[in-house]
1. What about residue 301, is it crowded, with 21+ Cβ neighbours inside 10 Å and farther than 16 Å from residue 340 by Cβ?
2. Of everything in the stretch 268-307 that's under 16 Å from residue 156 (Cα atoms) and in a helix (DSSP H, G or I), which residue is nearest to the chain's Cα centre (by Cα)?
3. In the stretch 303-325, is there at least one residue being under 19 Å from residue 253 (Cα atoms) and either in contact with a helix residue (DSSP H, G or I) (Cβ under 7 Å, 6 or more places away or on another chain) or at pLDDT below 90 (or both)?
4. Which of the residues that make up the stretch 207-228 are under 18 Å from residue 196 (Cα atoms) and part of a helix (DSSP H, G or I)?
């Protein structure tokens, strides 16, 4: 009858050595049994897992990181929690990071916090990479990450002259497509509700939208602009200012994100009694699921979130050497126009 393995007296936590002894295998076999994709026979793996269950053993990732110098933790800094788009971004990153056998450590910023503060906090942890969605970061913080060998990638934005790689939707192209949709539907006068004035995302969407209208013969002075602070409430306030403008109601209104477009629609309908798109056309950007619901049916640009997330994590080079510094510092990925009922008419064949 096989001899029963007993934990040493006074042992508080089971180790891989205990599992190896009970299973009759090497400690390295225990490690391979808990590493997805590692080379180990099914019989040996079953023996290790059976021993682990009997001893209530789970691998200690902190202890492993001391050996490998990798924590398998990726830090994500979220800066715009007012926008539901980033809720879906968080879900996509969590799903993709876990599929790559890593864990996500999330840092959130409120209105008073700076990105540099969040980076100083995450540097207390042995993270393998940093993903940043907020708009601003000092070159000093970039240097601190680089000096520690921690790759940092920007998501859905870029910071000029920062020396940091960014993955984003091609926002200028998307802005052009919204302008094209309005023009195709017969609009002659236009307004925009803009977002964060410090961020490249809003600036690029505005630039693409305005550029296409000017190409069609619309004067820049006749394209009205109202700040909306990237929020539903900010867009409602912007509509109040637009409706008080002596220039009157424009034919078409572009909310730089879906949240603002939806805030504008609700205010136009419920406070001013207007019909969309009969009285005014409205379009947004992002294609958050809420915009597809029946009260809105919002025409918008769908951001390719999954492609952007995969490209961002790929560039962290978690499984190999860092990406070459000769690569471009900005990777724009085109989305696609989703044509719904807030812009009249039929979409072009390519939409």
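The values are calculated or read from the model by the stated rules, or taken from the named source; none is laboratory data. Note that the structure is a prediction, hence the values are computed from the model and not measured. Cβ atoms come from the backbone with ideal geometry, glycine included; neighbour counts cover every protein chain shown.
1. Details: crowded, with 21+ Cβ neighbours inside 10 Å: yes; farther than 16 Å from residue 340 by Cβ: no.
In short, no.
2. Of the residues in the stretch 268-307, the ones under 16 Å from residue 156 (Cα atoms) are 285-288, 301-307.
Narrowing further to those that are in a helix (DSSP H, G or I): 305-307.
Working: 305: 7, 306: 9, 307: 11 Å.
That would be 305.
3. Step one: list which residues in the stretch 303-325 are under 19 Å from residue 253 (Cα atoms), which gives none.
No, the stretch 303-325 contains no residue that is under 19 Å from residue 253 (Cα atoms) and either in contact with a helix residue (DSSP H, G or I) (Cβ under 7 Å, 6 or more places away or on another chain) or at pLDDT below 90 (or both).
4. Of the residues in the stretch 207-228, the ones under 18 Å from residue 196 (Cα atoms) are 207-210, 224-228.
Scanning the stretch 207-228 gives 207, 208, 209, 210.
Per-residue answers, yes or no, for (1) out of contact with any helix residue (DSSP H, G or I) (no Cβ under 6 Å at 6 or more places or on another chain); (2) farther than 23 Å from residue 173 by Cβ; (3) outside any loop (DSSP other than H, G, I, E, B):
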| site | (1), (2), (3) |
| --- | --- |
| 230 | yes, no, no |
| 233 | yes, yes, yes |
| 240 | yes, yes, yes |
| 246 | yes, yes, no |
| 249 | yes, yes, no |
| 254 | no, no, yes |
| 261 | yes, no, yes |
| 266 | yes, yes, yes |
